[in-house]
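Trainee: Mind looking over this structure? Questions follow.
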Amino acid sequence: LFGSFSAALRGDLTEARLDPALEEIRRHLVAKNVPADLAEELVAGARGRLLGTQVGPFQSVQQVIRDALVPSLQRILTPGASTNLLRDILLVRERERRPFVITFCGVNGVGKSTSLSKVAFLLLQNGLRVLVAACDTFRSGAVEQLRRHVDNLSQLSADAGLDAQASLIELFAQGYSSDPAEVARHAIRHARAHAFDVVLVDTAGRMQHNRSLMQGLARLVQINQPDRVLFVGEALVGHDGVDQLREFSRILRQQTAGGGGSANARGIDGIILSKFDTVEDQVGAALALTWTSGQPILFVGVGQHYVDLRKCSADAICAALLS
Amino acid sequence: MSLSDLGRSITGALRNITSSDDIDQPMINTMLNNIAKALMASDVNIGLITSLNNNIKKNLQFEAGASAASKKRQIQKVVYNELVNLVDPGVEPFKPKKGQANVIMFVGLQGSGKTTTCTKLAYNFRRKGWRTGLVCADTFRAGAFDQLTQNATKAQIPYYGSHTETDPVVIAQEGVKKFKSQNFEIIIVDTSGRHKQEADLFEEMVQIERAISPDEVIFVMDASIGQAAKMQATAFKKAVDVGSVIITKLDGHAKGGGALSAYFQAVQSMGPISQVMGMIPGFSQSS
Ligand SMILES: Nc1nc2c(ncn2[C@@H]2O[C@H](COP(=O)(O)OP(=O)(O)OP(=O)(O)O)[C@@H](O)[C@H]2O)c(=O)[nH]1
Ligand SMILES: Nc1nc2c(ncn2[C@@H]2O[C@H](COP(=O)(O)OP(=O)(O)OP(=O)(O)O)[C@@H](O)[C@H]2O)c(=O)[nH]1
Ligand SMILES: [Mg+2]
Ligand SMILES: [Mg+2]
């Protein structure tokens with residue numbers, strides 16, 4: 001028995017055996033919506049590690065490659081930064097006695113306002129007082145959309161018998177065509193004066209290459225110094241997702257650096273991946289976005305209701321990518 | 001990768017082969033590989049790329065003793081034909097008829113740009129002198145009716161909707177009926193965003209279609225979409241009679257990559273395609 005075992009082990013992974021299998025895996029990753037260049041990089045890494053090694057007795061070359069990819073995927077999907085938003089909020093409340101400010105940004109229609117409402121729901125359930133700042137003063141119906149969410153969430157809190165004082169949600173709006181950075185500033189002042197724990201700042205969707213709109217976002221961040229700037233990206237996105245996140249980070253950093261140089265620069269602090277329920281196992285965008293930014297996915301949006309917000313599971317994403 | 005980058009990559013892949021003295025199989029494989037890579041970097045569906053490659057291979061049968069020049073000509077022709085086959089819907093685009101009601105229903109994934117594009121299209125028709133109305137049959141999304149109301153008001157287009165009725169089928173039916181009775185020629189019906197994984201949402205869409213018997217169903221697709229385009233577009237086509245596709249947000253970047261994938265998918269399964277964006281003066285591109 002031992003003899004046949006070691007004989008099978010002598011399956012050297014030569015180029016001829018490895019490369020066709022790597023090509024197959026590369027296409028597999030692309031079909032899972034991993035950007036082509038990232039898929040190529042991952043496969044090249046695996047090739048470097050595997051070339052000249054041996055295949056075990058009951059393994060296929062494909063399986064060996066998959067196993068070799070897992071650590072790289074895990075590393076990309078779990079950057080170091082904290083994903084415990086609730087703890088961070090409570091810490092600021094305790095130590096600094098001021099509201100924690102979170103700004104939501106991203107391109108048009110990805111789910112910023114909906115994700116914001118889901119986060120509000122989560123915070124309310126944890127007994128926090130939430131002020132929603134309607135800083136999308138541009139898109140038709142944006143303010144009414146948030147008002148509707150705030151009304152719904154208020155009602156839900158009341159129905160759940162949550163303590164009216166402890167958990168409270170309010171909308172702060174100053175209509176359309178007012179300056180979003182100013183609306184945010186006033187909202188934060190209002191939140192301080194009325195002991196809100198968190199300010200959730202909704203912003204208008206903007207294309208990453210629209211210079212003036214991007215500068216407007218940077219100004220909002222610069223003036224209000226939110227505790228977190230969250231980028232909302234949708235799981236549906238293809239290669240453009242990488243470009244979106246890269247540009248949002250780059251322009252924010254560049255425009256907020258000011259005289260203080262890069263020490264003051266503010267970039268993207270975390271990611272919300274929306275519409276995860278629409279892609280089945282084509283979950284490559286999760287990998288693409290963490291890879292691009294080195295920032296963690298704080299939440300995954302899995303539907304159109306307030307409860308449809310999950311923590312991101314790197315294991316589940318790995319499994320889906322390699323399935 | 002932008003559409004023009006893609007064009008350049010494909011031309012480059014072809015030029016490599018046409019500038020060499022003789023043609024052999026490894027060269028053809030390299031060319032196919034380069035074309036495949038360029039398409040992959042544009043989010044084009046991977047299955048589509050494979051079938052394109054197979055078709056090119058199948059149709060490349062050189063006669064014995066063919067000269068290098070004639071092989072090159074044949075390669076160019078076959079590659080060109082197969083690319084065109086991908087793009088050509090082979091169907092006439094929808095043409096509304098003057099003096100009668102033309103009902104157009106918008107469908108698509110969440111946030112793809114339906115509501116915005118409804119108004120752009122309506123405005124476009126109104127400007128050309130068609131009596132045009134908008135119906136908001138989205139009772140799900142918070143603020144949907146406000147959004148349509150504000151857009152329609154800015155563009156001066158009559159609209160129909162309700163803050164109290166919760167059944168989108170009823171609203172769609174009533175709205176179309178009302179506009180028909182007033183001799184409107186173009187009646188555009190906006191619906192909620194939906195996705196194939198939620199059967200109830202698809203069922204609702206089918207019911208709206210049944211209730212209003214649209215003359216045209218338009219599938220609205222976001223240019224940035226990746227590999228999920230195929231699965232979703234195919235499901236919409238299967239559920240309702242999609243006749244055209246509008247690709248939105250092409251102003252995002254020169255990167256029309258996903259749009260290309262969407263486009264290929266769409267024209268293969270759905271028919272003619274138009275691009276409507278930023279057409280309303282005084283409306284910025286994303287408003
Ligand atoms: N299926 C699904 N739909 C979602 C999810 N998140 C948001 N949506 C839907 O996506 C659409 C757009 O959501 P919004 O929150 O309005 O997006 P936005 O980014 O604020 O859009 P703009 O402000 O116009 O740029 C809505 O129909 C939402 O219901 C999600 O996780 N899953
Ligand atoms: N830059 C840009 N933004 C667009 C374009 N078309 C739509 N948008 C924006 O994309 C976002 C979503 O558009 P909507 O029209 O609300 O999308 P929808 O499909 O109706 O969304 P749901 O009803 O939630 O499914 C909004 O912020 C629009 O302003 C476009 O061509 N370019
Ligand atoms: Mg919004
Ligand atoms: Mg809509």
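The values are calculated or read from the model by the stated rules, or taken from the named source; none is laboratory data. Predicted model only: the values in this text are computed from it and were never measured. All Cβ positions, even for glycine, are placed from backbone atoms using ideal geometry, and neighbour counts span all protein chains on display.
Trainee: Determine whether the stretch B:108-127 contains at least one residue that is on the phi > 0 side of the Ramachandran plot and not in a loop (DSSP other than H, G, I, E, B). Please lay out each step first, then the result.
Mentor: From the stretch B:108-127, those on the phi > 0 side of the Ramachandran plot are B:108, B:111, B:113; that's our starting set.
Among the residues that remain, those that are also not in a loop (DSSP other than H, G, I, E, B) are: B:108.
Yes.
Trainee: So which pairs qualify, if the first residue must be in the stretch B:192-210 and within 14 Å of another protein chain (Cβ to nearest Cβ), the second must be of a type in the set (Val, Ile, Thr), the Cβ gap must be under 7 Å, and the two must be at least 6 apart or on different chains?
Mentor: The qualifying pairs are B:195/A:278; B:197/A:278.
Trainee: Scanning the stretch A:120-139 for residues that are more than 14 Å from every other protein chain (Cβ to nearest Cβ) and surrounded by fewer than 24 Cβ atoms within 10 Å (Cβ to Cβ), which turns out nearest to ligand 1 (Cβ to nearest atom)?
Mentor: Here the answer is A:122.
Trainee: Continuing with this model, one more query. Exactly one condition in (1) surrounded by fewer than 21 Cβ atoms within 10 Å (Cβ to Cβ); (2) within 24 Å of the chain's Cα centre (by Cα); (3) away from ligand 2 (no atom under 15 Å from the Cβ) is false for residue B:164; which is it?
Mentor: So residue B:164 meets the others, but not (2).
Trainee: Here is a follow-up. Any residue in the stretch A:248-270 that is part of a helix (DSSP H, G or I) and either of a type in the set (Asp, Glu) or in contact with a Pro (Cβ under 7 Å, 6 or more places away or on another chain) (or both)? First the steps, then the outcome.
Mentor: Narrowing the stretch A:248-270 to residues part of a helix (DSSP H, G or I): A:248-256, A:258-263.
Add one more test, that the residue is either of a type in the set (Asp, Glu) or in contact with a Pro (Cβ under 7 Å, 6 or more places away or on another chain) (or both), and what stays is none.
Checked against the condition, which is being part of a helix (DSSP H, G or I) and either of a type in the set (Asp, Glu) or in contact with a Pro (Cβ under 7 Å, 6 or more places away or on another chain) (or both), the stretch A:248-270 yields no hits at all.
Trainee: Is it the case that some residue within the stretch B:259-267 is part of a loop (DSSP other than H, G, I, E, B), away from ligand 4 (no atom under 16 Å from the Cβ) and either at pLDDT 90 or above or not aromatic (Phe, Trp, Tyr) (or both)?
Mentor: Within the stretch B:259-267, none of the residues are part of a loop (DSSP other than H, G, I, E, B), away from ligand 4 (no atom under 16 Å from the Cβ) and either at pLDDT 90 or above or not aromatic (Phe, Trp, Tyr) (or both).
Trainee: Which pairs do you get when a residue that is on the phi > 0 side of the Ramachandran plot, found in the stretch A:99-113, comes within reach of a residue that is part of a strand (DSSP E or B) and among the aromatic types (Phe, Trp, Tyr), reach meaning Cβ atoms under 8 angstrom, with the pair 6+ apart or on two chains?
Mentor: A:106/A:231
Trainee: Across the stretch A:140-153, which residue is surrounded by the fewest Cβ atoms within 10 Å (Cβ to Cβ) among those that are closer than 21 Å to residue A:197 by Cα and in contact with a strand residue (DSSP E or B) (Cβ under 8 Å, 6 or more places away or on another chain)?
Mentor: The residue in question is A:147.
Trainee: Something else about it: Quickly run through the stretch A:269-298 and pick out the residues that are closer than 15 Å to residue A:318 by Cβ and among the acidic types (Asp, Glu).
Mentor: Residue satisfying the conditions is A:281 alone.
Trainee: Still on this structure, I have one more. Could you please give the count of residues in the stretch A:273-310 that are more than 14 Å from every other protein chain (Cβ to nearest Cβ) and hydrophobic (A, V, I, L, M, F, W, C)?
Mentor: Result for the stretch A:273-310: 7.
Okay, residues lined up against (1) among the hydroxyl-bearing types (Ser, Thr, Tyr); (2) modelled with pLDDT of 95 or more; (3) in contact with a helix residue (DSSP H, G or I) (Cβ under 6 Å, 6 or more places away or on another chain):
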residue: A:24; (1), (2), (3): no, no, no
residue: A:37; (1), (2), (3): no, no, no
residue: A:44; (1), (2), (3): no, yes, no
residue: A:57; (1), (2), (3): no, no, yes
residue: A:60; (1), (2), (3): yes, no, no
residue: A:65; (1), (2), (3): no, no, yes
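Trainee: May I pose another question? For residue B:32, indicate whether it is under 30 Å from residue A:288 (Cα atoms) and within 14 Å of chain A (Cβ to nearest Cβ). Walk me through how you get there before you give the answer.
Mentor: Working: under 30 Å from residue A:288 (Cα atoms): yes; within 14 Å of chain A (Cβ to nearest Cβ): yes.
So residue B:32 passes the test.
Trainee: Regarding residue B:21, is this residue closer than 26 Å to residue B:228 by Cα and not in a helix (DSSP H, G or I)? Don't jump to the end; show me each part of the working.
Mentor: Numbers: closer than 26 Å to residue B:228 by Cα: no; not in a helix (DSSP H, G or I): yes.
Considered against the rule, which asks whether it is closer than 26 Å to residue B:228 by Cα and not in a helix (DSSP H, G or I), residue B:21 comes out as no.
Trainee: Just to be sure I understand the filter: pairs with C-beta atoms under 8 Å, separated by 6 or more residues or on different chains, first member in the stretch A:24-36 and at the interface with another protein chain (Cβ under 9 Å from one of its Cβ atoms), second member among the basic types (Lys, Arg) and part of a helix (DSSP H, G or I). Which pairs pass?
Mentor: A:36/B:37
Trainee: Return the total of residues in the stretch A:257-287 being touching a residue at least 12 places away in the same chain (Cβ under 8 Å) and over 21 Å from the mean Cα position of the chain (by Cα).
Mentor: Total satisfying the criteria: 1.
Trainee: Filter the stretch B:147-159 for residues that are within 11 Å of ligand 2 (Cβ to nearest atom) and either surrounded by fewer than 21 Cβ atoms within 10 Å (Cβ to Cβ) or polar (S, T, N, Q) (or both) and give the result.
Mentor: Initial filter on the stretch B:147-159 (within 11 Å of ligand 2 (Cβ to nearest atom)): B:147-148, B:151.
Hits for the stretch B:147-159 are B:147, B:151.
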